[in-house]
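The next block holds one structure in the form of C-alpha cells; read it before the comments.
The values are calculated or read from the model by the stated rules, or taken from the named source; none is laboratory data. It should be emphasised that the depicted structure is a prediction, and the values quoted were computed from it without experimental measurement. Positions of Cβ are generated from backbone atoms using ideal geometry, with glycine treated the same way; all protein chains shown enter the neighbour counts. Surface areas here come from the heavy atoms of the whole protein model, side chains and all, with no ligands, DNA or RNA. Shrake-Rupley method; radii C 1.70, N 1.55, O 1.52, S 1.80 Å.
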Amino acid sequence: MSSAHVLGQAVIGLSAHTIQIEATISNGLPQLNIVGMSEHRAKHSRERIRSAIEHAGFKLPDRRIVINLAPSDVPKEHAGFDLPIALSILIASQQVEASRFQGLCAMGELSLTGEVRTVPGLLIAALACGQSGLTLLQSNQAQVGRQASLSPCLGIHHLSDLKRPLSPMTTSNLGANDVPAASDATLDDIKGQQTAKRALIIAATGGHHLLLFGPPGSGKTMLAKRMLGLMAPLTEQEAVEIACIQSVTAGSLPGPTLERPFREVHHSTSAAALIGGGSPPRPGEITLAHLGVLLLDELPEFTHAVLNQLRQPLESGSIDLSRAHYKVRFPANFQLIAAMNPCPCGWLGSRRPCRCSVEHITRYRNRVSGPILDRIDLQVEVPALDPKKFFQEAPTRHRHEHDAAIDQIKQARAFRLKRLQTSPQQTDKNALDPDAKLLLMKAAQTLHFSARAIQKLIRVGRTIADLDCAETISRRHLEEALMLRQN
Ligand SMILES: [Zn+2]
C-alpha cells in the first residue's frame, strides 16, 4: 500500500481552514472513493479528476484508491479540492515526486480536459496560507492583486504542468494606492440643496448614517451617489477586506480598480439577500457594502422583517449568521443612506397637490420603525428645486464646491485624530460647553429623546465641531446637529 498527504483550504464565510488530504492506494477492485465531503460533491469531483488525470497524460492506477479529507466536520463546499486530490493520487502512485510539493497547499477546480480553474475564496485561502508559511498552488488564470502578494503563490494552468518545475505567479500591481478612485460624481453638478450637501459632508466626516426625505426627482439618489467621493481613500487593510469579500462572491479576484462599494438595494429585496445566508454561506448586500455605502431607496416600502435585520449590523458593524451546519460572522460596516418620500404619493410639501389623507401619511411614516430611525443620526429634507433657481444659479459659482468639501473633510479628520491622541480621558472627548449642555437638556425634555438619540446628537455635534476645528462642542454645533434631525 502506498500513501500521500497534500494540504487544501476550505473557505467558510470569510475564513479559511486547512484541510488534510490523504490518499491511499491498495490492492483491490479498481475504484476511486472520496470520503470527508458530501456525497454529492464527491461524485462530481470524482468524474472531473478521473478525466483530467487521463487528459494530462498521467494514469489513474487500476487499484483501490481511497481519499480522505480531514477534519470531516469542516464543510468543504467548493470545487477547489479537485487539484489537491489529483495531486495526492499522483504522489501516492509515484507519477510526480513528493519532495517537490513540500510546504505547499493546493486549490483549484479541474475541467474534464485537465485545465485548472479558479474557485471562490481564493484570495482568502492565499492570505491564510501566507500567514501559516505555506505556498498556495492555484490556477494562473487568477489575477492576483497586490494584497495577495503578501503570500507566495505558484501558478498552474493545466494538470500536466505538474510534470515540469512550477513558476511563481507574477503579481500584477493591483492595489488600493495605485488607482485613485476618481469619482466622476461631484457635488458641483447638484444645484441648490445646500442643507443636504452639508449633511453629506458631516456624514462622510463622522461616519454617520443619513436619511434623505423629499419628493420624487428632488435628487435624493444623486446626492447619495456623491457620498463615495467624499469618503476617505481606502487604506491597504481596507482594500484587502473588500477584495476578500469580492473574492468570495465574484469567484474571481477583484478587477484593477478597487474602490469603496456602493450598493443600491430595492425594497423587494428579501431579508436573506440583504443580510446573507445560504449553504455555503454567502454574503448579502450589507456585506457587499462593507466599508462603502448602502442605499435603501423608498425606505417605508421595505418590510418590517427586512428592516429589523439591519439593527445588529447598524450597531456592531457585522452580522452573525448561524444555520444548522455553520456559524459565520460577516463584516457589515457600511454607511447607510436611506431615502423616502414625504407621503405615499410623494408630493406633500411640494408645488404639486398631495392627495394623501393624514391617516395615510401617518401609516406610511410609521412603517419605518422607531429603532431604525433612532439609529440614523442625520435626517434631512431634500425639497424639490424651485425651477427659477434651476436657471438662475450660475454654474461657475459652485464649481469648486466639491474640492472645498474634500479639503474641509480632510482637515476635520486630521483634527479629530490629533484630538483623540492628546485627549487623556474618554469623557473629555465629547466635552460640551455649558451653553450647549443647557440646550441639549431642554431639547431632550421637550422632544422626548431616548438616551440613544441624545448620544447620537452629541456624536453629530462632535463631528460638526471637528469640521470647525473646535476642542469643545458649542451651542452652535448642537443647534446644527438638532436641525439635521428634523424627523
Ligand atoms: Zn401625498
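Under the convention that each Lys and Arg Cβ holds +1 and each Asp and Glu Cβ holds -1, the size of the dipole of the stretch 2-168 around its Cα centre is about 180 debye. Heavy-atom surface analysis with a 1.4 Å probe gives the chain a carbon and sulfur content of 52 percent of its accessible area. With an 8 Å Cα cut-off and a minimum separation of 6 or more residues, compute the relative contact order for the stretch 323-373 in percent. Computed value for the stretch 323-373: 26 percent relative contact order. Farthest towards the positive end of the charge dipole of the chain, among the residues 92, 135, 246, is the Cα of 246, using unit charges on the Cβ of Lys, Arg, Asp and Glu. Normalised by 2.2 N^0.38 Å, where N is the number of residues, the C-alpha radius of gyration of the chain stands at 1.21. Under the simplified labelling scheme, the residue 411-residue 18 pair shows an inter-label distance of 5.3 nm, with each label point 7 Å from Cα along Cα→Cβ.
Dipole of the stretch 423-487 computed with +1 at Lys/Arg Cβ and -1 at Asp/Glu Cβ about the Cα centre; of 463, 445, 431, farthest Cα towards the positive end is 445.
Along the stretch 15-32 the Karplus relation, 6.51 cos²θ - 1.76 cosθ + 1.60 evaluated at θ = phi - 60°, assigns HN-Hα couplings of 10, 10, 10, 6, 10, 8, 10, 10, 10, 10, 10, 9, 5, x, 4, x, 7, 10 Hz to successive residues, with x for each Gly and Pro. Converting phi to 3J(HN,Hα) with the Karplus coefficients 6.51, -1.76 and 1.60 and the offset θ = phi - 60°, the stretch 217-223 yields x, 7, x, 5, 5, 4, 5 Hz in sequence order, with x at every glycine or proline.
Secondary-structure-derived ellipticity at 222 nm for the chain, considering helices only, amounts to -11000 deg cm²/dmol, per-run term -39500 (n - 2.57) for DSSP H runs with n ≥ 4.
Listed by chain and number, the lysines placed with their C-alpha closer than 21 angstrom to that of residue 388 are 191, 197, 220; residues fewer than eight positions away on the same chain are left out.
Between the stretch 12-87 and the stretch 317-376, the alpha-carbon centres lie 48 Å apart.
Relative contact order, whole percent, for the chain stands at 13, derived from Cα pairs under 8 Å and 6 or more residues apart. Label the stretch 187-397 by shape, choosing from rounded, prolate and oblate, from the square roots a ≥ b ≥ c of the eigenvalues of the Cα gyration tensor; if a/c is under 1.5 it is rounded, and otherwise prolate applies when a/b is larger than b/c, oblate when it is not. Oblate, since a/c reaches 1.5 and b/c is not below a/b. Binning the C-alpha pair distances of the stretch 260-310 at 10 Å intervals from 0 yields a P(r) profile of 27, 56, 17, 0 %, listed from the shortest bin outward. Straight-line cross-link partners of residue 43 among the aspartates and glutamates, defined as a Cα under 18 Å from its Cα and at least 8 positions apart when in the same chain: 22, 54, 77, 82, 109.
If you take the alpha carbon atoms of the stretch 2-168 and fit the smallest convex hull around them, that volume is 97 Å³ per residue. In plain terms, if you count all Cα to Cα distances in the stretch 337-385 and split them into 5 Å steps from zero, the share in each step is 4, 19, 26, 24, 17, 8, 1 percent. Rounded to whole Å, the principal axis extents of the Cα atoms in the stretch 44-91 read 33, 20, 17, largest first. Under a 5 Å amide H cut-off, with hydrogens placed 1.01 Å from N, residue 169 pairs with 153, 154, 155 among residues at least 5 apart or on other chains. When peptides 356-364, 111-119 are ranked by their average number of other Cβ atoms within 10 Å per residue, the highest-first order is 111-119, 356-364.
Using R0 = 25 Å, the C-beta based FRET efficiency linking residue 437 and residue 375 works out to 0.55.
Between residue 270 and residue 325, the simple spin-label model (points 7 angstrom out along Cα→Cβ) gives 1.8 nm. Partner lysines whose Cα lies under 16 Å from the Cα of residue 327, excluding those fewer than 8 positions away in the same chain, are identified as 76. Computed with a 1.4 Å probe over protein heavy atoms only, the accessible surface of the chain comes to 47 Å² per residue. The value given for the stretch 423-487 is a Kirkwood hydrodynamic radius of 11.8 Å, derived from the mean inverse Cα-Cα separation.
In this simple spin-label approximation, residue 191 and residue 167 carry label points 7 Å from Cα along the Cα→Cβ vector, and these lie 5.8 nm apart.
Consider a paramagnetic label point 7 Å from the Cα of residue 420 along Cα→Cβ; state which residues of the stretch 310-326 have an amide N under 18 Å from it. Those under the cut-off are 315-318. Relative to the Cα centre, the charge distribution of the chain, modelled as +1 at Lys and Arg Cβ and -1 at Asp and Glu Cβ, gives a dipole magnitude of about 760 debye. Using the Cβ-Cβ distance between residue 64 and residue 157 with R0 = 22 Å, the FRET efficiency computed as 1/(1 + (r/R0)^6) comes to roughly 0.10.
For the chain, the residue among 111, 28, 196 whose Cα projects farthest onto the positive side of the dipole built from Cβ charges is 196.
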